[in-house]
Amino acid sequence: VLLLCMAVVLGIASQVLPLVENNPDRVAAWLSARAGRPVAFDTVKTQWTRRGPLLQLDGLRVGEGDAGVRIGQAEVLVAMYGGLLPGRSFTELRLRGLSLTLQRADDGTWSVRGLPGQQQAATDPLESLEGLGELQVIDGRLTIKAPSLGWDITLPEIDLRLRVDGDRVRAGTRAWIRKDAAPLNVAVDFDRKAGDGRAYLDVAAEDIGAWSPLLRYAGVVAERGNGRVRGWTELPR
């Protein structure tokens, strides 16, 4: 009976989606309530997916005035099934084509550049986007700069999923160093203020040498071969 009721509700929801496009103010008010701060956009288009309604927003802005975060084009997925599970977000914010830079300073601390709104010094983009649920970066690009480790690497394609819960950040990413190479899977869980946490990486490839810029340890470099590399690492302060 419960499944039947859910199917009826979802069927009705898929039919009334066009009405959402005609009421952008109500959509903005709903997103503002979830984000805990004003949310505005220029236009909204809707699409029904297997996971729930998808809102395609143009000119998305989070926050007030100059202190807000200007995101531009984005998608918000209302995960009607996953949002009912414990620890899962009811909404997902999707950004496409971001170019991110992960940089390591001489003191060992890491920083990320390229997130929306980061050009405004007084704005914490992660805090601003936290209320909109899980952040997803699709078809992004990542550059890793760590001079002390000898890293200056560009990953031309990454897919990233990130959850912010106060100071805790959990993220998972799949990255390709070449289009024809196997992807690298990475999961991290850390405190963004203290800087400590854990990370896990996993790559299985017929040509492990494609990842030689990253697979360096104690002067040993993986140049070629096949196999699988897996490992946990602690992220100290």
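Only the coordinates and a few stated rules stand behind these numbers; no lab work does. In this text, all values refer to a predicted model and were calculated from it rather than measured experimentally. Counting neighbours? That spans all protein chains shown, and the Cβs are built from the backbone with ideal geometry, glycine included.
Net charge near residue 139, counting Lys/Arg +1 and Asp/Glu -1 over other residues with Cβ under 14 Å of its Cβ? Walk me through the numbers on the way to the answer.
Values: positive: 94, 96, 141, 161, 174, 179; negative: 75, 157, 159.
Net charge in that neighbourhood comes out at +3.
Taking all pairs of different Cα atoms in segment 154-222, averaging 1/r and flipping that mean, what Kirkwood radius in angstroms comes out? Please report the intermediate quantities before stating the final value.
Working: mean 1/r = 0.0746 Å⁻¹.
For segment 154-222, inverting the mean 1/r across all distinct Cα pairs yields 13.4 Å.
What aspartates and glutamates sit close enough to residue 179 to cross-link, taking a C-alpha to C-alpha distance under 20 Å and skipping anything fewer than 8 places away on the same chain?
List returned: 139, 152, 157, 159, 202, 206, 207, 223.
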